[in-house]
Each structure stands twice: as C-alpha cells, then as structure tokens.
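What follows is a set of notes on a single structure, which appears directly below.
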C-alpha cells in the first residue's frame, strides 16, 4: 500500500486540526483562568523543545551520515546552557519578568536605555537570520512530503505548490493563535500547548524509528570515521548552538517570555537536556542503517523516512513524517509570532507614533494587531521566496548553522548587558553592526554562490584586496567557512563592543537600566526617579487605548488600592507613570512604551545634579527617621522603668500600711493593760499592798515590753535602711555561742530545756560583729525554747562549713513549721498559729535575718523531718587573723 | 557529606556551596563534552559494536544531567 497524495494531505490536515483543537482548548482554559496543566514545568520543558526543528529531525541524521558524531555538538551546546541555568537563564527570566520583556530585541533595547535604534537593529538582524531558517522548514516539509508520496514511483505535486500550501497553513495558525489579542505579558497558552503536543510526537517518532532500526537490523556496527571528534568545528558548533538557545527569537520567546514561574527553570535544567539526549540517541544508528540499507546516492537528510520505507514499514514512516511535520510547524509558528512581535513593537509602533503625534488620535490597538498579522504573512512570504531561491541547495544543517552564526552577533551585547554595568548603547550598536557586516561578508553572501558577489571577489577579495577575501579574511587559513566566519565576526564584534563602550558615556536612563539588569538579583530593586509629570486621566486613556478598557480599569484600581486612596483614579505620581509604562512595555515593548508615555508626560529629562540632590534629600529623610526611631526607643525604655518603679512603690506603700496597723495593734495590748492597772490604783484607794505591788509589777513588765518592742522596731528600721553600724572583726564562733547560752540560761531553766553545744566550736573563726552575732543566736535559741515544746525539749546547735561560709544550725524537737509557713516566719509580726508568747512581738526572726544578711551571710529555715532547723551562715575568717578581745554584750532580744 | 545543618551559619554555607556547584556545572560540562577530553576517549576504539567515543559522549552527558537534576532540585526546594 502506497501513501497517496490525497491520503497524505488528509493525514496532514487531520493532524493540523488536532493541533488547532488543542490550541483552542488551551486558550479557552486560559480565558477561564484554569491554567494549572499548561503552566507546569513539564509543558514548559516540552515547549523549549521547539529548538528541535525539522533540521534536527531530518538534518541530524544527515549530518551523522556525513560526519559521524559531529551532530551531537548541536545538542550539547544547549545542554551546557541549561546545566548553567543558575547563572544565565535564571537572570534572563528574572529580568524578563521584572521588565516585562517581550522579545530578544526588546531585551537589548531595554537594557541600553530603551533605545529604539537597537530594537530596530536586532529585529532586522533576527529577520535576516530567521528567513533562511523558515525556508529550511518549508524545504524539509516539502522533501518529506515528496519522499513519502513517491516511495512507490508515484508522482508528487510540484514542490513549489506543496511549499506554498504549508506556508499558508502555518501563517494561518500563527495569526490565529499568536495574534488573537494583545496580551499584557505576550504569552500564548494555545501555542504553547500545541507545541508541547508536537514535542511529544516528534520525540516519539524518532525513538520509534530508532528502536525499529536497532531491532530490525539487530544493531548494525556503529562504524565511525576515525578522525578526532573535538575539532575547531566541534567547538564552534557547540558554541553556536549554545548561543542559539538564548539568542534565537523563538527560543527567547519560549524560554523567557512564555515562562510563567522561575522555578520551572530548575526542572527544565535537567529535563530539557534529557529530551535532547533522547532525541539524539538513535541518530547515529539510523544514519548507519541508512548507509547500509539504501542505494548509493540516497539523500541522507531523509533517512528517517526512507529507512522505514525500505523495510516496508509505511505506518512507521507516516509516524516519522508527522514527527518531522511537528518539528517544522512548531518552529515556524513560534518563530513568526516572535518575529512579528518584534516587528510590530520596534518598527510598526514607532512609525505609527510618528504618524500620530497627538496622544489620543487613532486606534493603536488595532494598528498593533494588524501590523503583527501583516508581519507574520510577510515573514512567511520571505521564507517562501528564499525557499524558491535556494531550492535543492546545500544540506539542511548548513542553512541552520548560517542562521545561528547570524543571530550569535547579539551575544556580546547581551552578555555585556547582563553582567557589565559599563556596557553602553553606542558600544552595543557598533558591535552588532560590525559583527553583522563580517557575518554577511564571510558567510551569508557567499552562501548564494556568485549571485551577489562576483567570482573574482569570492576568490581574491574585492578589487583584488586579498586581505578582504570573504573566506580568508586577513589572510587567515581557516578552511571551514563556518568556523572562519564565526571566529572573525564574533571576535571583531566583541572587540568593537568593548572598545566603544569604554569610550562612550551612558545617559541617566541607560545607567538606571544597566543597574536594573546587572543587579537583577539585588534585594533593593534599582528604581530611578525620572521626575515626569502626567495626569492620571491621560495615563488611564493611554492604558485603555493599548491594554483595553477592562485591563486598564483593573490596573488602575489595583494601583489606587495600593496607594490607599478612596478615589477611583490613583494619584498621578512617578510610581503610577512607571507602572503604566511597565504594563505597556509588556504589550508594545519597552522603547515604544517609553515613547508613548513620553507623549503625555512632561519633564523626564533628569540631570546627574538633580539625581544627586534627590539622593541627598533621601539620605536626610532616612537619617531623620533613624533619629526618630532611636528617640522613641529611649522613651519606651524610660516608660518601662517608670512602670516598674511605680509598681514597686505601690507594693511598698501597702507593706507600710500593713506594718503600721500591726505595730499599733501590738502597742495597744500592753498599753491597755497598763492603763487598766493604773486606773485601778488611782480609783480604788483600798487596794491592799500585796495587790498594789502585783499591779505595779505588771505595769512595769508591760512598759518594759513596750520599750523592747519600740527598740526592736527602731533596730529593724535601721537594719532595713542599711544604716546599721556594724563593728566587723574576726570572731571565734565559740565566744558568740557561749554568750548566747548564758544570756538564755534563765529562760531555759524556766522551761527545763537543755542546750546541746557543738564540740568543735573552739577553732572556728568568722568575720562578724560579735554583739550582733550573739543577738541572732540568742534570738534563735529563745525561739527554739518558746516553740520547741515537746516531750524531749532539747535544743541542739551544730556547726558545719558550706561554700566558704560557716553554718550554725539551731535545731529543736518541737512540732516543726509547716512548709507553707517557711518563708512566712521571716515576715514582721508573723506568728505561727495562735501561739502568742510573752515578750515576742514577732520581730525576732526578721531582725535576725537582716543582721545575718548585713554580715554577708543569711538566715534560712532548713526543711527537716521533725522539729525546726534554722541555719545561720556567716563568712569564715582566715585563721591568720588573730581574734580580738571580745567586749561587753549588748543583747537586744 | 558533612553533618546536617545545626544552625543558620551552617545552613547558609551549605546553600552557598550548592549555588557554587550550580554555577560550576557548565564549566564541568565544557571540560567533559567540549574539550580534547572527548578525543581521549574516542581514540580508545570500540567496545563490542559500539564506538568508545559514542559511549563516552552519551554517558558523560547523562551523568551531567543527573548531577544538574540533583543540584537544581535541592536549590529549588530551598526557595
């Protein structure tokens, strides 16, 4: 069964319809806001495979058949760029999103001060380089169509007609899905979805043919030419293909413009090289099978089709045809869309603006769409004409490489623009013009044979100037014309670019753009104040004219909301002008957007002096706000301190009130008793002498108790205020204990309590005031005697040393103190339970603790199982210090 | 491999090292795939029916892909 012309046409049309349907479906989903599937890293990666054109599909096998492994260089170059995505592609995508870049021409123009001249130059260069490339796709399509329909000796339709039909169909598709509307970001979900499907088809087709070849021929020996693989040509091809993946308009379109999230790059970084590896895996086996299987003189560029046909596998050949069809159509569609955007933004819109100098005249939106549609048609016509011109000329690969070498002339200006602050517009223009001229002279024009250059010029240079011979510039002996041309064009291009950049100066806008590009990853975005003035109404009218009323309304509502104004239109400040310009740049390119805004915005020329002045003002404002911040911090701290002080005062006042009421209560009891007995003695003369004596004793005791109480209160207040005079000296502990023992002897006798003294008190020396120390011990012993009532009423004293302090434990065998009262006992007038004992106003323990602390020690209640244990700690004295003679006692308690 | 990041300084050091690795990958790629290293392997002749050059090229390529996948997945996981 042979494939007939109508049959193949039907299959092609069916497949094209499927692509139309996929694109339309994706567009509908996009309009409904459901883009999850299309905006995935996978689809992004597949869309980048638009790099693999028909040249790859058919031409790689041809190249492998002619020169072995060389074909792989075309895939290795782009792989290397993707391996290094972190350095270059990430920056491109970041800038592309921040600056709303619409094309490679827009990128270059925007970087060099939104220069329209550079935009036009790059656009023309891209057109010049892409036309042969598009012709190449038409040629592949036509040849593959021919190969299938003539496989059984049938007649094919005239090639010119086939090519024309393909060109018309592709133009329709590109116009339909590439220029439906003016998108704010120049993204085309329909086209991306369609080329993702085509990417799968072309990979599947090549893998199918490859696997079939390996199985059917049971692996033919992979004989390779024994020449070295790494040659100047290998290096040149790798370099050119690496350049192409960023500089070709269609590659820039899919990699940068259609990128919807930076993180997709991280996936594409390995997924796209994997795609390339898979698509080139079987190239060599197919080429070798073709050389074995097919008669001498067969076109190796068509082995992908003719090898399956030679095995009678028409289904497989048809699949391969669809793969090639996919490769060619996706390339042509994306290329024409990218080129038409460039043409409309950098050529048509500036011309239109020249014709409509007043801001509101004319329908710019319609003009842009029309110019893009026309551009697509015209580019396709150029491609078709080029195809007619060069029909059947050189192999597919060499046409593609010629295009690569042409577009690579952008590279120095591009890389310089991304990584060098000092690259200037003049440098970029002169570099590109130099490279373009050398490329045309050494590669592009000679490719037409003697059509444009005379035979003499080609052989010996113009007017006999052998230095300028196209294929041997400056007498160089590089034999490969591609290597020769790439070497000279790019080195001269770079040299001129760098030299002129160093000799020229940047405009303020250029400086601002250079910062925005080179420092794209800095945290503070380089924003330049341009001092332009426009009314919000004018800006709105402009945005509505280009973006459409609905988009413009949304944009202004968003900005107004961000500004926080209640009005419908935001305030017309510099930010608004910048925002509108950026949105417009997403549709018409940065240079045209800048020109459009310039039509309605006054001012905008800003001198370096003005910039310095504004920087000074900003610095002052920053300094002022820093000062305010510091002052407010100081105030905050002071307020916090005041709050704590106030809280402390309130607590102290409450304590004082409680103390006073307690003191009056304590004083009142003896006073009442004194008054009562005094009244009896005064009013009743008949009191007998014995009673009178008893009453007077009570009055005397009570007044003594009052005096003691007042003494204690005074003592405590002196101790608490820290004004107590302490006579610190080295004191033997024994002296203090003995003094306390004798002072409490009477009390102990009355209660029948024995005191157990420590045995080792003799040698221990402490630093203390002996009177105060004895006072504390007396207090503790009295307490123990008073509260330690039990069947075994003994009080034990023991000495120990802890952390450089001497600890004296006073232990009774009484009921002990419940845990909840442990701290309570040191409060003034605290008494445990209802046991109020004569002579104690509850100030003994607080005074003792104050004394212990004043001496540098402490008094604590140690938890015990039975009874109470008070621990007094006093700093230890060095043994060398001789004890001083102990003076008289002045016990208070 | 070094110890897991214990503090901020360690984490940022690891991050910087990954970024450096990502930047160094294309250089390694050039060394392996676009330098006379290719010839050193291509000159080894054939291994069964497959030429050494072919084998080396695709294996080095695949190795670089795996390396890039590892580095970029880690880098993007941190973002």
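Throughout, read-outs are computed from the coordinates displayed, never taken from laboratory work. Note that this is a predicted model, so its numbers are computed, not measured. Don't worry about glycine lacking a Cβ; one is built from the backbone with ideal geometry, like all the others, and counts go over all protein chains shown.
Sorted ascending by nearby beta carbons within 10 Å, beginning with the fewest, A:382, A:497 become A:382, A:497.
Among A:712, A:31, sorting on how many other beta-carbon atoms sit within 10 Å of each Cβ, with the fewest leading, yields A:31, A:712.
Fully extending the segment from residue A:4 to residue A:639 would add 219.1 nm, taking 0.36 nm per residue of separation and subtracting the current Cα-Cα distance. With a Förster radius of 56 Å applied to the C-beta separation of residue A:648 and residue A:747, the computed FRET efficiency comes to 0.90. Which of rounded, prolate or oblate describes the stretch A:297-375 when judged by the alpha-carbon gyration tensor and an a/c cut-off of 1.5? Note, shape of the stretch A:297-375 comes out prolate. When a/c is below 1.5 the answer is rounded, else prolate if a/b is larger than b/c, else oblate, so apply that to the stretch A:672-764 with a ≥ b ≥ c taken from the square roots of the Cα gyration tensor eigenvalues. In terms of gyration-tensor shape, oblate.
Each of A:691, A:106 has some number of other Cβ atoms within 10 Å of its Cβ, and from fewest to most they run A:691, A:106. Take the alpha carbon gyration tensor of the stretch B:27-79, find the square roots of its eigenvalues, order them as a ≥ b ≥ c, and report rounded if a/c is under 1.5; if not, report prolate when a/b exceeds b/c, else oblate. In terms of gyration-tensor shape, oblate. Distance between the pseudo-spin-label points of residue A:701 and residue A:98 (7 Å out from Cα toward the beta carbon): 9.6 nm.
Here the label points at residue A:161 and residue A:67, each 7 Å from Cα along the C-beta direction, are separated by 3.8 nm in the simple model. Potential lengthening of the chain between residue A:215 and residue A:14 amounts to 69.3 nm, from the contour at 0.36 nm per residue minus the alpha-carbon distance.
For chain B, the longest principal axis of the Cα atoms and the long axis of helix B:52-78 meet at an angle of about 10 degrees. Reducing the stretch A:27-77 and the stretch A:619-698 to their Cα centroids gives an inter-centroid distance of 91 Å. With R₀ set to 45 Å, the beta-carbon distance separating residue A:718 from residue A:629 gives a calculated FRET efficiency near 0.40. Applying 1/(1 + (r/R0)^6) with R0 = 60 Å to the Cβ-Cβ distance of residue A:759 and residue A:659, what FRET efficiency is obtained, to the nearest 0.05? Given R0 = 60 Å and the Cβ-Cβ separation, E is 0.90. With everything on Cα atoms, drop me the angle between helix B:8-33 and the longest principal axis of chain B, reported from 0 to 90° to the nearest 10. Here the helix axis deviates by roughly 10 degrees. How far, in degrees from 0 to 90, does helix A:314-343 lean away from the longest principal axis of the Cα atoms of chain A, to the nearest 10? Compared with the principal axis, the helix lies near 70 degrees. Taking label positions 7 Å along the Cα-Cβ direction at both residue A:491 and residue A:800, the computed distance is 9.3 nm, reported to one decimal.
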